[in-house]
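Notes follow once the structure below has been shown.
The values are calculated or read from the model by the stated rules, or taken from the named source; none is laboratory data. Just so you know, these numbers come straight off a predicted model, no measurement behind them. Cβ sites come from the backbone with ideal geometry, for glycine too, and all protein chains shown count toward neighbours.
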C-alpha cells in the first residue's frame, strides 16, 4: 500500500463534509453592526470584526447555505450563494 492511499484510509470520516455548501458575501458599508447574523448562524461561520462594526466570515468551509444570516439581516448586507 502506498503512503497516499494509507493516508486516505486513515482520514477520519468527520473531516469529509457532505451536504450543501454556501458562499457568504458581506457588504460591510451597508451593515449597521446589529449582530443578528452572527447570532442566527447555526454553524458559527460569522463573527464580528474586531472593530465591532460589521461581521466577517471566519469559517467559510462550515457554511451550509441555510440562509439564516441573509434572511434575518435588516439591511440586506449579506448575500449567500449555494454552491453545488
Count of residues meeting criterion [surrounded by 14 or more Cβ atoms within 10 Å (Cβ to Cβ) and under 9 Å from residue 21 (Cα atoms)] in region 67-84: 0
Conditions (1) out of contact with any helix residue (DSSP H, G or I) (no Cβ under 8 Å at 6 or more places or on another chain); (2) modelled with pLDDT under 80; (3) on the phi < 0 side of the Ramachandran plot; number of the one not met by residue 27: (2)
Residues of region 30-66 classified as more than 16 Å from residue 20 (Cα to Cα), exposed (fewer than 12 other Cβ atoms within 10 Å of the Cβ) and in contact with a helix residue (DSSP H, G or I) (Cβ under 9 Å, 6 or more places away or on another chain), total: 1
Unique residue being modelled with pLDDT of 95 or more, more than 11 Å from the chain's Cα centre (by Cα) and on the phi < 0 side of the Ramachandran plot when the list is 47, 14, 7, 77: 77
